[in-house]
Every structure is written in structure tokens, then in C-alpha cells.
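Structure, as C-alpha cells:
The values are calculated or read from the model by the stated rules, or taken from the named source; none is laboratory data. Model, not experiment: these values are computed from the prediction. Cβ placement follows ideal geometry from the backbone for every residue including glycine, while neighbour counts extend to all protein chains displayed. What goes into the accessible areas is simple: the full protein's heavy atoms, side chains included, and nothing from ligands, DNA or RNA. Shrake-Rupley method; radii C 1.70, N 1.55, O 1.52, S 1.80 Å.
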Number of protein chains: 2
Amino acid sequence: MEFSSKLLENAVYEMSQLPGIGKRTALRLVLHLLKQPEERTQLLTEALSKLKNQVNFCKKCHNISDTEVCAICSNPKRDESLVCVVEDIRDVMAIENTSQYNGLYHVLGGKISPMEGVGPQDLNIVPLINRVRQGEVKELIFALSSTMEGDTTNFYIYKQLEGLDVATSTIARGISVGDELEYADEVTLGRSILNRIPFESSIKAT
Amino acid sequence: MEFSSKLLENAVYEMSQLPGIGKRTALRLVLHLLKQPEERTQLLTEALSKLKNQVNFCKKCHNISDTEVCAICSNPKRDESLVCVVEDIRDVMAIENTSQYNGLYHVLGGKISPMEGVGPQDLNIVPLINRVRQGEVKELIFALSSTMEGDTTNFYIYKQLEGLDVATSTIARGISVGDELEYADEVTLGRSILNRIPFESSIKAT
């Protein structure tokens, strides 16, 4: 792609560094900003810089928060003995959206992935173990994605918990509600048969 | 979507104002920037602000340019008597990529579109007519998209040119090179039969 302006080329280049944004999309976005009033660009760049410079993570669960301890951790109505371990703040948002969970969270900030150079020390694992050591937590719920990296991370944390008095569980895997059995993949279907639950509990859940 | 931080919410909102970027994609992009070193955000915001504040349009063809007159307009090897009328600077880039055109351009900055509130006065049409009036231009090539808005814009400009000594043409529409006839839409196939060209010229073009 040949640009008629260095300024334009530079803006497109920086935009195309974002994940899933190719050169063509980047050009479209940049030209859109150029056509809009100046405030649009200013609001966007200010919001991004401000977030990056002033972002704060909850010192308890490592979720993004504007206060030292986030709204979930400081809510006295939530069950402090239950901690759900997730990868990312998007997972917190997804679980919160269900309105089915009343415990706290712990955001790891990623998964152990030797391929991408992410080791246990890059994640919030030590703070999690310390949290458990303090004795308030009775159950840890692993809610990482069920990939090799997710399973490795679960197992690593599980090993670190040895000798500590805490129950561990993982969220249920199975056929999505509303899905047809014939289209489900074998692994999921297999797991959902092995981990079947009493019919009475399935009635209660709905 | 409920956010745990106002700063985050604000950044996601501004990002989602870009065309084709929904709330979920915006969140993914913003969280990506958060994970990256601070320079990434800084480089992006600086490049965008700089472009918006310092952008300059070639005073002859209205293409984005870092100089008063762009590299194409100031190139003495290009044919000044030929001007290709396009909607957007992306069209200039697309035509330049073909290496088949040696004339100059005129970037309108859009199409006449009453639905979107874009009238002739919002486009660079008056400068185009003035350019033709100066007498250097012998032929105008309309290369707008063949939508209703594009056709309207072509026709509006054509009417404004009445009495001026300039030839007008439009780029050829037809079946794409390499395409199968059976899959072509009828309008395109119909036009490509009506506007057939002597076989000898088609051999020369390849």
C-alpha cells in the first residue's frame, strides 16, 4: 500500500497494530476519523491515554477498578468464601451478566502458555495462593477456558494449593442449552454424559 | 454491558464509535492496549492526533498530502490534461496500484447523497469546475462507484460542465477478468455486451 502522506501512513500503521485490524480496515478507520469533527479524535485519544495512565486494578481480585478495592470485592452482600478464578476481566463481565453467582473473583490476567512466553510468574497466581492462605476462602471455582493452556493453569494452581484447606471445583462443561445433540462435538458430548447430574437438580436450575 | 471502571467504559465507548467496531470488539481492542507497554497507546494516540491536526490536502486534487501540492500533481511526467474524478483517497491508491494511469486526480470527498445529508456544496465540485475552466484539462474520467449516488454525482458534475470545452468518460464496467459469465449479475453482463470493444484493442490491453 502506497500512501500519499507520511502522517497518514503512520496513523494507519499504528492502527493496524491492534489485533484483528488489517491495513485496509485501519485505513478505513483513520479516514473515518479524518472526516469527523476534531472532537471525535480528541475524545478517543484522551480516553485511551487516560485509561492507560490511570488504570487501577483491584488489590484483592485484580479486576480493573477505579477504586482501590473493586465494587464486587467491597460488596458486603457477596460471599467471601467463594472465589471464581478467571483469565480475563471479560470473563468477570460474562459471569456477572448471568446474575447466578454471588461470590468473588480472582483475575489471573492470562493463562500459562510456554508458546507465548507466559509463565506462572506473569500471572496473578501468587496473590491467589496468598488469598487462600489467609483462610477466608472455602472454595475456588476454576473457570478458565478448557484449552491445553487453561488445563495446565488449573493444574498448576491446584498443585500450589497442596496442604491448604480449600475445596476446588471447575465450571460444568456440556451441551449448550438449546443445542441439538447431533451437532455437538464428541468430547463435549462425552464429558456431558460422564458428568451427568441428578434430574432433580436440573429441574431446580431452570 | 456493565463495566467495573468508568475509565474503561469511556475508552470502550469511544472506540466503538468507529465504523464496524461493536462494543465487544472495542473492549477486546482496549484490553489489548492495556496489556501492551505504554508506548503502544502513546504511539497510536499521537499518530491519530497528529494526523488530525496537521493533515493537509493537496490544493490541486484534494488528496491527502504532506506538501501543499501532492507528489502526483507535482510530477512533471504525468499528463495534466487528463483528470480522474474519484470519491475518496482510497480510490486514488487503488488506481495508482494498477500502474495503468498517468494522468492526475480530483478527490471529491464523497458522493451526493440526500439520504445522508451530503449535497454538492459538501464536496470538492466547485474546485473541479474551476480546474476545468482554467483550460488545462482535456478529459475528465468519472471513476465513482456505480450506485445511485455515484450516478447522481456524475450527472450533476456533467451538467455543471455545460459550455466548457472538456471531454468526459467513465471507466469501463463489465465482467471482472477471470470471472465466469454464468455467475455474473445481469446488469453487469448486459452492460458489458452493450459496451463491447473491438477484439484488437482487447489484445493490446493484455
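Reported count of residues in the range A:17-40, each being over 13 Å from B:G20 (Cα atoms), touching a Leu at 6+ places or on another chain (Cβ under 8 Å) and either small (G, A, S) or open to solvent by 20 Å² or more (accessible area, probe 1.4 Å) (or both), is 4.
The rows are residues; the columns are (1) at pLDDT below 90; (2) of a type in the set (D, E); (3) touching a Cys at 6+ places or on another chain (Cβ under 6 Å); (4) assigned to a strand (DSSP E or B).
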position	(1), (2), (3), (4)
B:L18	no, no, no, no
B:T41	no, no, no, no
B:C61	no, no, yes, no
B:E68	no, yes, no, no
B:G110	no, no, no, no
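Of the residues making up the range B:4-16, those that are more than 7 Å from chain A (Cβ to nearest Cβ) and open to solvent by 30 Å² or more (accessible area, probe 1.4 Å) are B:E9, B:Y13.
Give me the residue from the range A:170-206 that is assigned to a loop (DSSP other than H, G, I, E, B) and either in contact with a Cys (Cβ under 9 Å, 6 or more places away or on another chain) or among the β-branched types (V, I, T) (or both) and, out of that set, nearest to A:T153 (Cα to Cα). Talk me through it step by step, then tell me what you get.
Here is the first cut: in the range A:170-206, the ones assigned to a loop (DSSP other than H, G, I, E, B) are A:171-180, A:184-185, A:195-198, A:206.
Cutting the leftovers down to either in contact with a Cys (Cβ under 9 Å, 6 or more places away or on another chain) or among the β-branched types (V, I, T) (or both) gives us A:171, A:175, A:177, A:197, A:206.
On the way: A:I171: 15, A:I175: 24, A:V177: 27, A:I197: 26, A:T206: 31 Å.
Out of the qualifying residues, it is A:I171.
Close contacts from the range A:139-154, counting a first residue that is within 10 Å of A:L108 (Cβ to Cβ) and outside any strand (DSSP E or B) and a second that is small (G, A, S) and at pLDDT 90 or above, with Cβ to Cβ under 8 Å and a gap of 6+ residues or different chains, come to A:L144/A:G150.
For (1) aromatic (F, W, Y); (2) within 21 Å of B:V86 (Cα to Cα); (3) at pLDDT below 90, each residue gets a yes or a no:
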{"residue": "B:S113", "(1), (2), (3)": "no, yes, no"}
{"residue": "B:G135", "(1), (2), (3)": "no, yes, yes"}
{"residue": "B:L164", "(1), (2), (3)": "no, yes, no"}
{"residue": "B:A184", "(1), (2), (3)": "no, no, yes"}
{"residue": "B:I193", "(1), (2), (3)": "no, no, yes"}
{"residue": "B:S201", "(1), (2), (3)": "no, no, yes"}
{"residue": "B:T206", "(1), (2), (3)": "no, no, yes"}
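Somewhere in the range A:115-128, is a residue under 22 Å from A:I171 (Cα atoms) and among the charged types (D, E, K, R)? No: the range A:115-128 contains no residue that is under 22 Å from A:I171 (Cα atoms) and among the charged types (D, E, K, R). Scanning the range A:98-138 for residues that are touching a residue at least 60 places away in the same chain (Cβ under 8 Å) and under 15 Å from the mean Cα position of the chain (by Cα) yields a single hit, A:N124.
The residues listed here are A:V69, A:V85; of these, the one that is more than 9 Å from chain B (Cβ to nearest Cβ) and open to solvent by less than 40 Å² (accessible area, probe 1.4 Å) is A:V85.
Looking only at the range B:121-149, residues that are surrounded by fewer than 19 Cβ atoms within 10 Å (Cβ to Cβ) and in contact with a helix residue (DSSP H, G or I) (Cβ under 6 Å, 6 or more places away or on another chain) come to 1 in all.
Any idea which of B:Y183, B:Y158 is within 19 Å of B:L104 (Cα to Cα) and open to solvent by 80 Å² or more (accessible area, probe 1.4 Å)? Write out each step before concluding.
On the way: B:Y183 fails: within 19 Å of B:L104 (Cα to Cα).
So the residue among B:Y183, B:Y158 that is within 19 Å of B:L104 (Cα to Cα) and open to solvent by 80 Å² or more (accessible area, probe 1.4 Å) is B:Y158.
Criterion first (open to solvent by less than 20 Å² (accessible area, probe 1.4 Å) and either at pLDDT below 95 or more than 17 Å from the chain's Cα centre (by Cα) (or both)) does B:I95 satisfy it? Judged against the criteria, B:I95 is not a match. Cβ separations smaller than 7 Å between residues 6+ apart or across chains give the following pairs from the range A:39-55 residues that are facing chain B (nearest Cβ under 7 Å) and closer than 21 Å to A:T67 by Cβ to residues that are open to solvent by less than 40 Å² (accessible area, probe 1.4 Å) and not in a helix (DSSP H, G or I): A:V55/A:I64.
Under 27 Å from A:L18 (Cα atoms) and either surrounded by fewer than 16 Cβ atoms within 10 Å (Cβ to Cβ) or acidic (D, E) (or both), is that true of B:N56? Yes. Just to check your reading of the model, which residue among B:K77, B:K50 is among the basic types (K, R) and assigned to a helix (DSSP H, G or I)? Residue meeting the stated conditions: B:K50.
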